[in-house]
Amino acid sequence: MFKIEAIIRPHRFDAVRDALEELDVVGMTASDCRGTGRQGATTHTFRGSQYSHGLEPRLKLEVVVPESQLADAVDAIQQNATTGEVGDGKIFVVQLHDAVRIRTNERGETALP
């Protein structure tokens, strides 16, 4: 089992979610977050004054998939989250030791769907 954590632009979430649903990836967590990377701070002008944000709004998406779905899920996120510009985000893949469904005490991949 693998956990995929993707930091993406919020407006790309619907496309990413739809692509994962087409792959039968069920169960995901999405959290609003703020961050910065290579793009640095963005400068805006409001009523003639410039100001900059240190952190840009992003969305953190977390899904857990079996190894058989890993490559397809990562590809789907990458293809649907990209705009081709700096600041599109990152995808992190972490191997999981176990998962437990609290209600039934199922373990491993049977706890995923």
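Computed values, structure above
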{"read-out": "Residues of segment 73-95 satisfying the condition of being in contact with a strand residue (DSSP E or B) (Cβ under 7 Å, 6 or more places away or on another chain) and exposed (fewer than 15 other Cβ atoms within 10 Å of the Cβ)", "value": "Lys90, Phe92, Val93, Val94, Gln95"}
{"read-out": "Out of Asp72, Asp98, sole residue that is more than 18 Å from Val25 (Cβ to Cβ) and more than 13 Å from the chain's Cα centre (by Cα)", "value": "Asp98"}
{"read-out": "So Gly35, is it small (Gly, Ala, Ser), out of contact with any strand residue (DSSP E or B) (no Cβ under 8 Å at 6 or more places or on another chain) and modelled with pLDDT under 95", "value": "no"}
{"read-out": "Every pair of residues 6+ apart whose Cβ atoms lie under 7 Å, when the first sits in segment 12-37 and is in a helix (DSSP H, G or I) while the second is open to solvent by 50 Å² or more (accessible area, probe 1.4 Å)", "value": "Phe13/Ala30; Leu20/Met28"}
{"read-out": "Hits in segment 5-25 (condition: among the β-branched types (Val, Ile, Thr) and touching a helix residue (DSSP H, G or I) at 6+ places or on another chain (Cβ under 6 Å))", "value": "Ile8, Val16, Val25"}
{"read-out": "Segment 38-78, residues that are out of contact with any helix residue (DSSP H, G or I) (no Cβ under 7 Å at 6 or more places or on another chain), in a strand (DSSP E or B), modelled with pLDDT of 90 or more and not basic (Lys, Arg)", "value": "Glu62, Val64"}
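The values are calculated or read from the model by the stated rules, or taken from the named source; none is laboratory data. Quantities reported herein were computed from a predicted structural model and do not represent experimental measurements. As a convention, Cβ positions derive from the backbone with ideal geometry for all residues, glycine included, and neighbour counts pool all protein chains shown. Just the protein is used for accessible areas: all its heavy atoms, side chains included, with ligands, DNA and RNA removed. Shrake-Rupley method; radii C 1.70, N 1.55, O 1.52, S 1.80 Å.
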